[in-house]
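A short reminder: the numbers here are calculations on the coordinates, not readings from a lab. Note that this is a predicted model, so its numbers are computed, not measured. Here the Cβ positions follow ideal geometry from the backbone for every residue, glycine too, while neighbour counts run over all protein chains shown.
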Amino acid sequence: MESFKLTRIFLDGRIQSVLLLLALGTVPFWAFNLWFVRIFIIANVFAVYALSWNLLVGYTGQISFGHAFFFGGGAYASVLLNKYLGIPAPLAMAMSGVMCGLAGVILGYPCLRVRGIYLALMTWAFPLIFLGFVMYFGEVFGREMGISGYQGLSLSYSVNYYVSLALVVLTVLATMVIVNSRFGLIIQSIRDNEVLAESVGINISKYKILFFSLSGVIAGISGAFYAHFLKSITPELLAVDMSILVIIMVIVGGLGSIVGPLMGAYLVTFLNNYLLYIPELRMMIYAIVLIVTLFLRPKGLLPWSPKMGSGGGAE
Amino acid sequence: MEILVFGLTLSLMYGLIAAGFALILGASRIFDLCFGSYYLLAAYSYYVLYGLVGKLPALFLSIVIAAGLAWIIHRVILFRFREVPIVVMVVSAALAIGISEAITLIFGSDYKYVPPLLEGSIDILGASIANQRLLAGIVAIAALTLLWLYLNKTKYGLGIRALIQQPEVAELAGVRPRNIHLTVACVGAVLGALGSIMVVPVFTLTPHIWLDAILLAFAGVVVGGLGSVWGAFLAMVLIAFSETLVSFLIPEGGFFRQAVYVFIMVVVLLVRPYGIFGKKEEA
């Protein structure tokens, strides 16, 4: 009886999350060295990024193959605001989030017209167009060399870490609130049956664009934080790799849940940092990880399959 | 005049690439981003082999290598995921980036020079044009004619067309989807590889050219309509002429090439989501 209770305690989702939060909340104290903290910070950034993709794709069913647009766009926006207008870093981050949200609204409109594979192609194009601007207006964007020499958020790794953790927690809470609210219900009904949702009087376009924009805000802020943490950015933030990486994280972890993308992001970031010595083979290894996951657990990892943990993601 | 000749040869070369991709997509409903890898691998194997065995054998060998890669990828990985297009897209995109980075590891990311199959240039109606472009045009015409004969005059081609039009009925009538699927993947890869070896000497060879090929293929599929081989080819005529025009009007606009494809693609998606030559269908 006692042991039964003990296992129950460990299987309880709330207690798990408290333990996880405790473990994560004390990272700067038990981490072996600064390098380790740094990896954790980057993992947190990618966790937020992965959650933003998950919010769009896992719950609304709109596929984005160009989320690097928001991530890199947020980074560039925040850095430019900071460098040329002298806006302090935290404010610049927030402003870049707003700008990404607006961009999401603007880009969400053309995306309404297409779905499935075509939507994937359409979104694929966005970061490429942005990249074209970066290359064309080289004096401002710094071309391939990127931008550096702007203000970082803070010199202390601990401060950076806690800010990144706060972003993760905020994103998780926001996702939970949104998904379990009326919004979340509506958007999941659109995902599952668009025609039916429309027939009960839901304005599909409005909600689709809303979620596109929300996801853009979150991805933009994560990109902005990343930029201020690294203190230099390059157009690689806009590359196809960035868009695909986040998809791999979410799919390896499990689409349409909250824990899934988080775990995927941590896993991939840690792999990333232990594979620093063979940077060219990283993507190959992720591809293999992805394929193995899909072979072994295809059901649990495919979009909104019924076997998915606590279903549709009310997790 | 130059615009006409350049645009024409360019559209034939691009046509090969886009037709290969559209063939794979049409027959097996697989959105195979590794198509860019076949293109890339063919170019690099040609780059390695032409010094060792001569130009023509190198051409054939690299085509075989690309087709082999296509066969392996489709047989081992993509065929299993064919029911879920988005998963196919993610997996093949990850693989394609992986392969391109593996090639960076081996060859470095700097520009490589690949000699053309035919040196020199001739004047046609006042426009000086490299022999390689001319050859590429002729090869493209020959390859596309062969493709047409294959699709329309052989039993295998009949099976492929049946599979494109009505997968279930074709299967009932005894068409084996997996065989056809793998054959088509190889044929598509052969077209892509041929296109690659024709195009690469005209442009440059880096591990990133797979993206160019993929974007061309996208544009072909989007503009031409899903899975329509000839639609894709006609789309390439449009793309190639716009690209030639842009490069004549903006001399240093090399990096506008991708922007041109993307722009045309997005515009067509907005105006006619099912492609200019495509039929309206739920996709």
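Worth a mention:
- Helix runs (DSSP H) in chain B reaching 24 Å along axis by Cα, Kyte-Doolittle at least 1.0: B:2-28, B:35-53, B:55-76, B:85-107, B:131-153, B:177-199, B:229-249
- Gyration tensor verdict on region B:2-208 (Cα atoms; rounded if a/c is under 1.5, prolate if a/b is larger than b/c, oblate otherwise): oblate
- Efficiency of FRET from Cβ geometry, A:Phe29 and A:Tyr274, R₀ 30 Å, rounded to 0.05: 0.85
- Estimated purely from DSSP H runs of n ≥ 4, each contributing -39500 (n - 2.57), the mean residue ellipticity at 222 nm for chain B is -25000 deg cm²/dmol once divided by its residues.
- Per-residue Cβ neighbour counts within 10 Å put A:Cys111, A:Cys100 in the sequence A:Cys111, A:Cys100, beginning with the fewest.
- Karplus-derived 3J(HN,Hα) values for region A:167-180, using 6.51 cos²θ - 1.76 cosθ + 1.60 with θ = phi - 60°, are 4, 4, 4, 4, 5, 4, 4, 4, 4, 4, 4, 4, 5, 8 Hz; glycine and proline are entered as x.
- Charge context of B:Phe107, other residues only, Cβ under 14 angstrom, K/R +1, D/E -1: -2
- Placing a pseudo-label 7 Å from each Cα along the Cα-to-Cβ vector at B:Leu146 and B:Ser109 gives an inter-label distance of 3.6 nm.
- Dipole magnitude (debye, nearest 20) for region B:149-260, charges at Cβ of Lys, Arg, Asp, Glu: 460
- Among B:Leu49, A:Leu296, A:Leu214, the order by Cβ neighbours within 10 angstrom, fewest to most, reads A:Leu296, B:Leu49, A:Leu214.
- Residues whose amide H lies under 5 Å from that of A:Gly116, counting only those 5 or more places away or on a different chain, are A:Ile63; hydrogens are built 1.01 Å from N in the peptide plane.
- Residue among B:Leu245, B:Gly20, B:Ser45 farthest towards the positive dipole end of chain B, charges placed on Cβ: B:Gly20
- Cβ charges +1 (Lys, Arg) and -1 (Asp, Glu), total dipole of region B:30-114, debye: 200
- Given +1 at the Cβ of Lys and Arg, -1 at the Cβ of Asp and Glu and no other charges, the dipole of chain B around its Cα centre is 800 debye to the nearest 20.
- Taking a quarter of the surface of the Cα convex hull of chain A gives a mean projected area of 17.9 nm².
- Tail beyond 20 Å, pair distance distribution of region B:1-90 (Cα, percent): 48
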